[in-house]
Number of protein chains: 2
Amino acid sequence: MTTSYTPPKVWEWDQDSGGKFANINRPVSGATHEKPLPRGQHALQLYSLATPNGVKVTVMLEELLERGIEQAEYDAYVIDIMEGDQFGSGFVDVNPNSKIPALMDFSTAPPTRVFESGSILVYLAEKFGHLLPADHAKRTECMNWLFWQMGSAPMLGGGFGHFYAYAPEKFEYPINRFAMEVKRQLDVLDKRLAEHLFLAGDEYSVADIAVWPWYGALVLGYLYEAAEFLDVTSYGHVLRWAKNIAERPAVKRGKIVNKTWGEPEKQLHERHSASDFDSRTEDKR
Amino acid sequence: MTTSYTPPKVWEWDQDSGGKFANINRPVSGATHEKPLPRGQHALQLYSLATPNGVKVTVMLEELLERGIEQAEYDAYVIDIMEGDQFGSGFVDVNPNSKIPALMDFSTAPPTRVFESGSILVYLAEKFGHLLPADHAKRTECMNWLFWQMGSAPMLGGGFGHFYAYAPEKFEYPINRFAMEVKRQLDVLDKRLAEHLFLAGDEYSVADIAVWPWYGALVLGYLYEAAEFLDVTSYGHVLRWAKNIAERPAVKRGKIVNKTWGEPEKQLHERHSASDFDSRTEDKR
């Protein structure tokens, strides 16, 4: 790869560049159009899409329901990011950063907005007292790995995934840079999971829920068709952990909520009650 | 920029590529050498460097001390990442991810390890009951913005900063991609700070402490010499907020702790007590 590029003194937006998703990436924030959000019957209203960050939250909610917590019932609506739904005025009011997932909790007065998947996981864990250990040492270790995911996955998604799968050309230097970092991250997880059943220790927690849709999906071959390139089977402990979690009923349900692509029977565009899963083969309750 | 690159079936490590920091980036994790960590007299032992992620924690600790919390006294030791200190066995035991900052709290039995800057901020805020609002709505909004920083700054540091300042060549496509995202993020902050004094609302909090060393430093011209390129002065509300925070005594102290470069009088390699700042011009208590 050769280049004779010299950056200009002041950067200017070239709307023609950007590869896949170029049409939804902008250098400015805020709403582009008026569009109120739909609202269902439950206290919790989720506006999302079944991307890895979206799946974190639907898995969390299904795990809470699996434990019999009825107040965790929720309505889940699709935010179609390819259509620019994230720039609608209603969505921007919930998440000024225009990213899914975003949650409204109408059980509080006034209602509470929660954005950023990590913030939503902590919010739900603390609201219902599940999946974030109460014990000081365990809670701390859980938060360490939860925050690890937040700071690490952008190198996988916004870095490796973009340049390996979505950029308009295969640029060698960025692919190398981000592949190396993702492999290092997988090795960090592998060493951790060699010694512990779950990331925070012996308990399944929000740390696993946050990491699985990214690194679990990666080693299971769901992400970017990069399994061979990254030699994911060499991370045996991550693979064991990922397969184990994939079998959880809540995970099977959560990963199809707000899914609008792939096999029709593994899609559930909107979710309003547990019975919505009944018509979904294999992934049903 | 043209390329005829076709990724191999399986990625392999080329140790000659990588630009600045190439010698410290690896596709594997874990310790490379035996090296115990030093330990001082206080319960809190910080192993860090005055990079943006390191400054978050030293500012947090100095803010707590500013509020008279004596138990927040700490010893801060330098982890020289260019020398590979992050791969020493003692450091890896505290942070298996080999990134600064990392904290040990010896006031608990057994001692508690805390890694990831966001996790450390929450840990200290909850331990001492400061800088993370107790009120449900305010706490949630604070956590939203704290997690926003965690997920966003990798696009600034590992994305924009790397390609604009550190990569071996100026690659146009990555610079454009990450510049656009950073400008969008600055605009998100600008709109938020147009309506609120601080990120979480009317109170200075861990959200500001996390965001300031990255986006505050960026608009103040400290990061990557990119102020003109990103036209940072157009984000007037971020600039007002950044200048305001820069004047806080705890920030003036925190930003020089574990600093090993720049003007000698604005460096403090190790910090063991408040009096360590006495010889530092302008930034002293």
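Quick rundown of the values:
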| read-out | value |
| --- | --- |
| 7 Å along Cα→Cβ, label-point gaps from residue B:9 to other copies, nm, shortest first | 5.3 |
| Extreme residue, positive dipole direction of region A:136-253, given options A:178, A:234, A:222 (C-beta unit charges) | A:222 |
| Unsatisfied cross-links (Cα-Cα over 30 Å) in the set A:138/B:243; A:183/A:252; A:138/B:99; A:183/B:127; B:170/B:259 | A:138/B:243; A:183/B:127 |
| Unit charges on C-beta of K, R, D, E only; dipole of chain B, Debye | 260 debye |
| Nm distances between copies for residue B:228, ranked from closest, using label points 7 Å along Cα→Cβ | 4.9 |
| For q = 0.19 Å⁻¹, Debye-computed log10 I/I(0) when each Cα of region A:136-253 counts as one equal scatterer | -0.98 |
| Amide H contacts under 5 Å for residue B:226, placed H, 5+ residues apart | none |
| Fewest-first ranking of B:140, B:233, A:51, B:58, using other Cβ atoms within 10 Å as the exposure measure | B:233, A:51, B:140, B:58 |
| Share antiparallel - DSSP beta bridges, region B:1-159, percent rounded to 5 | 55 percent |
| Relative compactness, region B:148-205, computed as alpha-carbon Rg over 2.2 N^0.38 Å | 1.35 |
| Estimated 222 nm signal from helices in the protein assembly as shown, with DSSP H stretches of n ≥ 4 weighted -39500 (n - 2.57), rounded to 500 | -11000 deg cm²/dmol |
| For residue B:34, label point 7 Å along C-beta direction: distances to other copies, nm | 7.2 |
| Estimated dipole of the protein assembly as shown in Debye, rounded to 20 [Cβ of Lys and Arg +1, of Asp and Glu -1, Cα centre] | 80 debye |
| DSSP bridge orientation in the protein assembly as shown - percent antiparallel, rounded to nearest 5 | 60 percent |
| Charged-residue dipole, Cβ positions (Lys, Arg, Asp, Glu), region A:211-281 about Cα centre, Debye nearest 20 | 300 debye |
| DSSP-defined antiparallel bridges as percent of all bridges, chain B, nearest 5 | 60 percent |
| Highest-fluctuation residue, A:84, A:68, A:254 considered, GNM on chain A with Cα pairs under 10 Å | A:68 |
| Neighbour-count ranking [beta-carbon atoms within 10 angstrom, fewest first] of B:243, A:170 | B:243, A:170 |
| Averaged over B:176-187, number of beta-carbon atoms from partner chains that fall within 10 Å | 6 |
| Unit charges at the beta carbon, dipole of chain A: most positive-side option, A:50, A:123, A:68 | A:123 |
| Shape of chain B, Cα gyration tensor, a/c cut at 1.5 | oblate |
| For the protein assembly as shown, projected area of the alpha-carbon convex hull averaged over all directions, nm² | 24.5 nm² |
| Where chymotrypsin sites (Phe, Trp or Tyr not before Pro) fall in DSSP loop in region A:68-126, at most 16 other Cβ within 10 Å | A:106 |
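Rule-based calculations on the coordinates, nothing more; no lab input. The shown structure was predicted, so the numbers you read here are calculated from the model rather than taken from an experiment. Here the Cβ is made from the backbone with ideal geometry for all residues, glycine too, and neighbour counts use every protein chain on show.
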